[in-house]
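A short worksheet on the structure shown next.
The values are calculated or read from the model by the stated rules, or taken from the named source; none is laboratory data. Nothing here was measured: the structure is a model prediction, and the numbers come from that model. We place every Cβ from the backbone using ideal geometry, glycine too, and count neighbours over all the protein chains shown. These accessible areas exclude ligands, DNA and RNA; they are computed on the full protein's heavy atoms, side chains included. Shrake-Rupley method; radii C 1.70, N 1.55, O 1.52, S 1.80 Å.
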Amino acid sequence: MTPLRTALACSLALALQSACVIDELEDDDVGDASFCEPASPWPRDYAELEADLLDRLATLRRQGRSCGEVRHNPVAALRLQPQLHCAARLQATWIAEHQGLSHEGLQGTTPLSRGALAGYDGALRYELLARDFEGPGAVLRAWLDEPAHCDALFDRRVQEIGVGHSRSDPGTPGSRGGPDGIGWVVVLGEREPE
């Protein structure tokens, strides 16, 4: 074999090897309910985008903000809650794979029923939805620009959060989101003082 053919064969072998790598998955705590099994493991790049959104929101809450005509003082960061994280991920996947935005999800579930199926025992207060925003900065800006969503993010009563990000897989049977379907969901909950 000539040196050129050897180099091409090696390059092809390396290219094929890297093309066979499947997205790295990350095992996150999403609770123990069987409903949540599809929410973990989760693609690492999705989990990193979720964490970025959570960090950005924590920074904003510490600073306070005006939402429309209402000024919100700084509030505490939210705790990532496993069952809310599950509910957010599953709804983000539903949104990514279906056209439009809806609080109704897989098999007719609602925010409250998803929380219950995930095993959440607090009071679910808000579910914020977004579709087709590329990154956490863009989706957060859109929510902050809409006063009702902005108010929800700064509500002092909520202490817990679930964050979900997903993209549609055009090869999935029944997927109508197309190759660019992107879902974002934030679920906010409250606990009664013990």
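For the stretch 72-103, taking the residues that are open to solvent by 70 Å² or more (accessible area, probe 1.4 Å), more than 16 Å from the chain's Cα centre (by Cα) and not aliphatic (A, V, I, L, M), the one that is farthest from LEU188 (Cα to Cα) is identified as GLN99. Of all residues in the stretch 26-36, none satisfies being at pLDDT 75 or above, closer than 26 Å to PRO111 by Cβ, part of a strand (DSSP E or B) and open to solvent by less than 40 Å² (accessible area, probe 1.4 Å).
On inspection, GLU127 fails the criterion of being outside any helix (DSSP H, G or I), in contact (Cβ under 8 Å) with a residue 12 or more places away in the chain, in contact with a strand residue (DSSP E or B) (Cβ under 9 Å, 6 or more places away or on another chain) and surrounded by fewer than 14 Cβ atoms within 10 Å (Cβ to Cβ).
Have a look at ALA148, ALA116 and point out the one that is farther than 23 Å from PRO41 by Cα, assigned to a helix (DSSP H, G or I) and either at pLDDT 95 or above or open to solvent by 10 Å² or more (accessible area, probe 1.4 Å) (or both).
On the way: ALA116 fails: farther than 23 Å from PRO41 by Cα.
Step by step, each of ALA148, ALA116 is checked, and only ALA148 is farther than 23 Å from PRO41 by Cα, assigned to a helix (DSSP H, G or I) and either at pLDDT 95 or above or open to solvent by 10 Å² or more (accessible area, probe 1.4 Å) (or both).
Taking the residues in the stretch 1-25 that are among the polar types (S, T, N, Q) and either part of a helix (DSSP H, G or I) or open to solvent by less than 50 Å² (accessible area, probe 1.4 Å) (or both) as candidates, determine which candidate is modelled with the highest pLDDT.
GLN17
Per the conditions (1) assigned to a loop (DSSP other than H, G, I, E, B); (2) at pLDDT below 95; (3) surrounded by 15 or more Cβ atoms within 10 Å (Cβ to Cβ), the sole criterion not satisfied by ASP169 is (3). Taking the stretch 52-71 as the range and being in contact with a strand residue (DSSP E or B) (Cβ under 8 Å, 6 or more places away or on another chain) and either part of a helix (DSSP H, G or I) or open to solvent by less than 50 Å² (accessible area, probe 1.4 Å) (or both) as the test, the residues that pass are LEU53, LEU54, LEU57, GLY64. When restricted to residues that are assigned to a strand (DSSP E or B) and either over 16 Å from ALA92 (Cβ atoms) or modelled with pLDDT under 95 (or both), the stretch 151-166 contains 2.
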